[in-house]
Amino acid sequence: MNFSLKRSDFPPNFRFGTATSAYQIEGSRFGGCGESQWDVFAQTPGNVVRGENAAVACDHYHRWAEDFDLVKNAGLDSYRFSTSWARIMPQGRGQVNQAGLDFYDRLLDGLLARGISPWACLYHWELPAPLLDLGGWRNRDIAHWFADFAEVVMRRLGDRLDAAATFNEPWCIAWFSHFMGQHAPGVRDIRAAARAMHHILLAHGQATRVMRDLGMANLGVVLNFERALPADDSVECLQATQRYDGIYNRFFLGGVFKQAYPQDVLAGLEAHLPQNYQDDFAVIGEPVDWLGVNYYTCKRVTADNSGLFPGYGEQTGPLPKTTMGWEIYPEGLYHFLTWAHREYAPNLPIYVTENGLSADDRVVAGQIADPQRIAFIEQHLQAVLRAIAEGVPVQGYFIWSLLDNYEWALGYDKRFGLVHVDFDTLQRTPKQSWHAVRALLQDAS
Ligand code: FCB
């Protein structure tokens, strides 16, 4: 099975890439990496399926050359990876683990040698455990600690990057991890969540300034979006959907691009934000050069009558679902690309920095048939093309992910890769979707 799209359906400079993250593939046991909040989180029973951790993961730490050959041979232009704070600064501050920096240095040179353009994201969730003891994202000082980390990384790598982002998915770092407690550090506390939301943005602004001062260009931030759809048309449900949309989709965009938080979110969170939080907007609003959009699904939002903010719940929707239980809703990607362009970032390139599907992929006679992944990517690329046709400057699309990997609290059996990984032998096998991407990108017609 192949895509019906062709490379020539896209603008000439449109870049196709794939994305990964450090903790999910590298192997945190190797190379003097410090303990991160994920190593800790995984040790607490009940947090991660089967108690799995990423001590070895895909062993990308040792196998990166083979992995980058797979990126190159697929014909992909760009590779988005992240740098682990715990690997580079095991204590979170002070002492630098040179082996960690050397590792990312090798990655960069390995990408460039293969003609792949490197996109780095500073933070994809490996908060060093010692910073947890200081309150982690709840502590305002983290903005300085993060800016110092950014400086250490970018003094070494910044000269060879095509693009850099500060954060991957602030909503997950703050709300999912400090309000819902689903990801490390597993906190359920509205005040912690509100402060984390604000401090992440402050850290984003400070680190962006640091990178500018180092002379770097093409700086952005990667936000995630989920299309919030009301489960019914009652007023309560519509209002609950608004609040869901506010927290998920408008809060972080508002901070960065409007230097303001949405009123419907402030109604519940303002009391928990730091005093005089408005004074930080000058830093938070530090200009960026592009916006990254991660998109996977929609949610059917219900109202709850607990009387407590945010007063919403979720219910299962009718559309076909991936093995994550996520409904497949490409229309949502079109929505966010056009809406973010219109309402927040009219002058900036937008990149789809993550999009992909998990499936129950199995090796049968050396082959992995994953037609549903090909169909998913095709439908979402169609959504991208629609947005482009309407004048939205979408300039690239990164598939999540190159490899099957450690899917956080869900462990190893949610397979998102273009390439299958056998987690016993660590053998890589390109799936049918990898071959289809290759055919798409080779087709010069
Ligand atoms: C995103 C994360 C990524 C991966 C995908 C499935 O939220 O950025 O690490 O877990 O979802």
Criterion violated by V96 - all others in (1) surrounded by fewer than 18 Cβ atoms within 10 Å (Cβ to Cβ); (2) touching a residue at least 60 places away in the same chain (Cβ under 8 Å); (3) among the hydrophobic types (A, V, I, L, M, F, W, C) satisfied
(2)
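Looking at V49, V71, V40, which one is within 22 Å of the chain's Cα centre (by Cα), surrounded by fewer than 18 Cβ atoms within 10 Å (Cβ to Cβ) and either under 27 Å from W434 (Cβ atoms) or free of Cβ contacts under 8 Å to residues at least 60 places away in the same chain (or both)?
Result of the check over V49, V71, V40: V49.
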Residue satisfying all of: in the range 250-306; of a type in the set (S, T, Y) and more than 16 Å from the ligand (Cβ to nearest atom); surrounded by the fewest Cβ atoms within 10 Å (Cβ to Cβ) among these
S306
In the set A383, A389, the lone residue that is on the phi < 0 side of the Ramachandran plot and crowded, with 18+ Cβ neighbours inside 10 Å is A383
Any chance V419 is within 16 Å of the ligand (Cβ to nearest atom) and open to solvent by less than 10 Å² (accessible area, probe 1.4 Å)
yes
Of all residues in the range 31-53, which are more than 26 Å from Y351 (Cβ to Cβ) and of a type in the set (A, V, I, L, M, F, W, C)?
C33, V40, F41, A42, V48, V49
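Rundown of residues vs (1) among the aromatic types (F, W, Y); (2) in contact with a helix residue (DSSP H, G or I) (Cβ under 6 Å, 6 or more places away or on another chain); (3) at pLDDT below 95; (4) over 26 Å from D162 (Cβ atoms), yes/no style:
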{"site": "Y344", "(1), (2), (3), (4)": "yes, yes, no, no"}
{"site": "V352", "(1), (2), (3), (4)": "no, no, no, no"}
{"site": "N355", "(1), (2), (3), (4)": "no, yes, no, no"}
{"site": "A359", "(1), (2), (3), (4)": "no, yes, no, yes"}
{"site": "Q367", "(1), (2), (3), (4)": "no, no, no, yes"}
{"site": "I377", "(1), (2), (3), (4)": "no, no, no, no"}
{"site": "A383", "(1), (2), (3), (4)": "no, yes, no, no"}
{"site": "E407", "(1), (2), (3), (4)": "no, no, no, yes"}
{"site": "L410", "(1), (2), (3), (4)": "no, yes, no, yes"}
Which residue pairs have Cβ atoms under 6 Å apart, sit 6 or more places apart or on different chains, and have a first residue in the range 1-29 that is within 25 Å of D370 (Cα to Cα) and more than 16 Å from the ligand (Cβ to nearest atom) and a second that is at pLDDT 95 or above and part of a loop (DSSP other than H, G, I, E, B)?
R15/D77; F16/L76; F16/D77
Per the filter on the range 328-363, residues assigned to a loop (DSSP other than H, G, I, E, B) and open to solvent by 20 Å² or more (accessible area, probe 1.4 Å) are I328, Y329, Y344, P346, N347, L348, P349, D360, R362, V363
The correct count of residues that are more than 16 Å from the ligand (Cβ to nearest atom) and in contact with a Leu (Cβ under 6 Å, 6 or more places away or on another chain) in the range 158-184 is 3
Quickly run through the range 315-327 and pick out the residues that are surrounded by 15 or more Cβ atoms within 10 Å (Cβ to Cβ) and either in contact (Cβ under 8 Å) with a residue 60 or more places away in the chain or touching a His at 6+ places or on another chain (Cβ under 9 Å) (or both).
G317, T323, M324
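The values are calculated or read from the model by the stated rules, or taken from the named source; none is laboratory data. On a predicted model such as this, the values are computed, not experimentally measured, just so you know. Reconstructed Cβ throughout: ideal geometry from the backbone, glycine too, with neighbour counts over all protein chains shown. We work out accessible area using only protein heavy atoms, side chains counted, and drop any ligands, DNA or RNA first. Shrake-Rupley method; radii C 1.70, N 1.55, O 1.52, S 1.80 Å.
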